[in-house]
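Asks: Below are the structure tokens for one structure; questions will follow.
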Amino acid sequence: MPNEARPILPGHGQQANLLELLFERMPMGVAILDRQYRIQRYNPTWGDFAVRYAPLTGVPLAPGVGYFDHLPGSEAFILPLFERVLTGETIQANSVRLESGGIVTYWDIVLAPLAENAEVVGILNVAVDVTEQVQLRQTLEQRVEARTQELQVLLDVSATASRSLNLTELLQKTLDRVVSLVQASRVGVMLRDKKTGELTPHTLRPVQDIAPNDLSVLIAACRAVMESGESLYIAPEIERGLHEPGALLPIQTRENRPGVLVIIGPVGGHFTEAQLALFQSIANQLGVAIENARLFEQVQQAAVAAERNRLARDLHDAVTQTLFSSSMIADVLPKIWERNPAEGRNRLEELRQLTRGALSEMRTLLVELRPAALVDTDLGDLVGHQVNAFIARTRLTVVYERNCIQNPPPEIKEAFYRILQEAFNNIAKHAEASHVSVRLDCLPQKATLLAQDDGMGFDSQKASSEGLGLGIMRERARSVGAQFEISSRVGGGTRLRLSWKNPKQENLND
């Protein structure tokens, strides 16, 4: 129901003088309009607003000037509000966008009806200039959005690098993402030929022909970047015929510089400091990916000793990715917390899980490289490390319960460890699960391990034992005298049960 109209000066004498003083000295702009929207009176603050924002195309501010003559082009939004006020309604609105003569401003406003003898005779317009605050907020939001997009690109590159060892596929996907992010005219990678040592074009997106002379100049510049190890930014220089910005960044691995990332921006554009930093991070990720791909080629031809080294590198890289994700979350966490504490708490919990996962990956690495660690470490802790590493790798919800009073013999611990490791691999690759539960009971002379997921399951009568590693798990269990049971149905998840009892103890009970 509209607010009842009220007069602006409810009293006379001293009270009227006080209102007059307030009117003149208020820090917000105040103007009084009649029913024809003519400005009858305004305070000094309103006058300052006019000097700052009124367009040159409008009529200069003066008593009797029409509001829309003074601020032409503002009718579309303001006129409906004035019409509502003339019916007796009071309107309050924040961050109102006002555009007049191409000048955009923002206001917190209060529009109130002025009454005389119970009849609305005009409008009281009170305005607070919030243009700077709104523009700062918009700029911050744009920066956050741009930073989010940049981080997403970096995470996508990281994820692609961890999933694929096909170097050509990896580079194509990465370069396409960079093209899309900065509207680059072309992005490419120069790699050093392993036989000749010369730089050669490897991947260019989008695919296009490059004139031989231009290619020679580019290769020479890339060679200088590789030798120095320093990135090179080329700003546009129209007088020299350089219409596009360019960035050449060395791709660095742990041992050498195998190539250069080349990014050519849009015509007339430029690269910001944040974008250049992002390009360097992408180049670093490409270095990891290139190294992984080349090491994988070597590992395929290696013997058992080289296979162990490959496993160590793969685990190290997994920890690197987890720590990188943790670093990215930690960088943006303060801003997220300021804007949305609930989301901040969620990201903090995610950060905790990632760091625990990285620590568990490192402990798993020690177990793999130093078999004695498998004997020395408590089975409950070994399983816990696998659970944390699995959570960090898959982001699935895992409930782990343990009741370990006494550790089983070393060979039993290893069998339990390896079988659970294979089970987690199956869940990550095939199950498409959202929840996993693990329970370990280690009592004197016996141990039981239960692992269950709510994934897609499989037909246990038709499933290939070799394809899911079931044959290997059964063989491991059989070799140490343990019982291995697995039950599953399509759409109903999978349940694994591994149990062991000391046969000597069973004989004594008999």
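Every number here is computed from the coordinates shown, using simple stated rules; none is lab data. Not measured: the values here are computed from a predicted model. Don't worry about glycine lacking a Cβ; one is built from the backbone with ideal geometry, like all the others, and counts go over all protein chains shown.
Asks: In nanometres, what is the gap between the two model label sites at residue 62 and residue 198, each 7 Å from Cα along Cα-to-Cβ?
Replies: Reported label-point gap for residue 62 and residue 198 is 8.0 nm.
Asks: Further question on the same structure: Take 210, 103, 78 and order them by how many other Cβ atoms sit within 10 Å, fewest up front.
Replies: The fewest-first ordering by Cβ neighbours comes to 210, 103, 78.
Asks: Report the Cα-based extents of the stretch 136-301 along its three principal axes, largest first, to the nearest Å.
Replies: Extents along the principal axes, in whole Å: 58, 37, 28.
Asks: Also, I was wondering about something else. Quick check: residue separation of residue 352 and residue 406 times 0.36 nm, minus the Cα distance between them. What number comes out in nm?
Replies: 16.5 nm
Asks: Here's a follow-up. How many percent of the alpha carbon pairs in the stretch 14-129 exceed a separation of 17 Å?
Replies: Of all Cα-Cα pairs in the stretch 14-129, 55 percent lie more than 17 Å apart.
Asks: Would you mind ranking 328, 473 so that the residue whose beta carbon has the fewest other beta carbons within 10 Å leads the list?
Replies: Numbers: 328 18, 473 23.
By the 10 Å Cβ count, ascending, the order reads 328, 473.
Asks: Using the charge dipole of the stretch 386-510 (Lys, Arg: +1 at Cβ; Asp, Glu: -1 at Cβ; taken about the Cα centre), state which of 417, 480, 392 has its Cα farthest towards the positive end.
Replies: 392
Asks: Given q = 0.17 Å⁻¹, what are the Debye log10 I(q)/I(0) values for the stretch 74-217, with equal point scatterers placed on the Cα positions and solvent ignored?
Replies: Each listed q maps to, in turn, -1.01.
Asks: Here is a further query. Under a Cβ-Cβ cut-off of 11 Å, what is the net charge of the residues other than residue 198 that fall near it, where Lys and Arg count +1 and Asp and Glu count -1?
Replies: Details: positive: 192, 194, 195, 223; negative: 193.
The answer is +3.
Asks: Using the Cα centre of the stretch 136-301 as the reference point, and only Cβ charges (+1 on K/R, -1 on D/E), how large is the resulting charge dipole? Debye, rounded to the nearest 20.
Replies: Once rounded to the nearest 20, the dipole reads 340 debye.
Asks: For every other residue with a beta carbon closer than 15 angstrom to the beta carbon of residue 57, add +1 if it is Lys or Arg and -1 if Asp or Glu, then tell me the sum.
Replies: Here the count lands on -3.
Asks: Quick one: Karplus J couplings for the stretch 110-116, per residue in order, coefficients 6.51, -1.76, 1.60, θ = phi - 60°, nearest Hz, x for Gly and Pro?
Replies: With the stated coefficients, the stretch 110-116 comes to 10, 10, 10, x, 9, 10, 9 Hz.
Asks: Fewest first, what order do 450, 71 take by the number of other Cβ atoms within 10 Å? Write down the numbers at each step before the final one.
Replies: On the way: 450 16, 71 25.
In order of increasing Cβ crowding within 10 Å: 450, 71.
Asks: Cα to Cα, under 21 Å, and not fewer than 8 places away if on the same chain: which lysines meet these conditions relative to residue 504?
Replies: Here the lysines satisfying the reach criterion relative to residue 504 are 413, 446.
Asks: Please report, in debye to the nearest 20, how large the charge dipole of the stretch 386-510 is about its Cα centre when each Lys and Arg carries +1 at its beta carbon and each Asp and Glu carries -1 there.
Replies: Roughly 120 debye for the stretch 386-510.
Asks: Tell me the net charge near residue 433. Cut-off is 9 Å between Cβ atoms, residue 433 excluded, with +1 for each Lys or Arg and -1 for each Asp or Glu.
Replies: The answer is -3.
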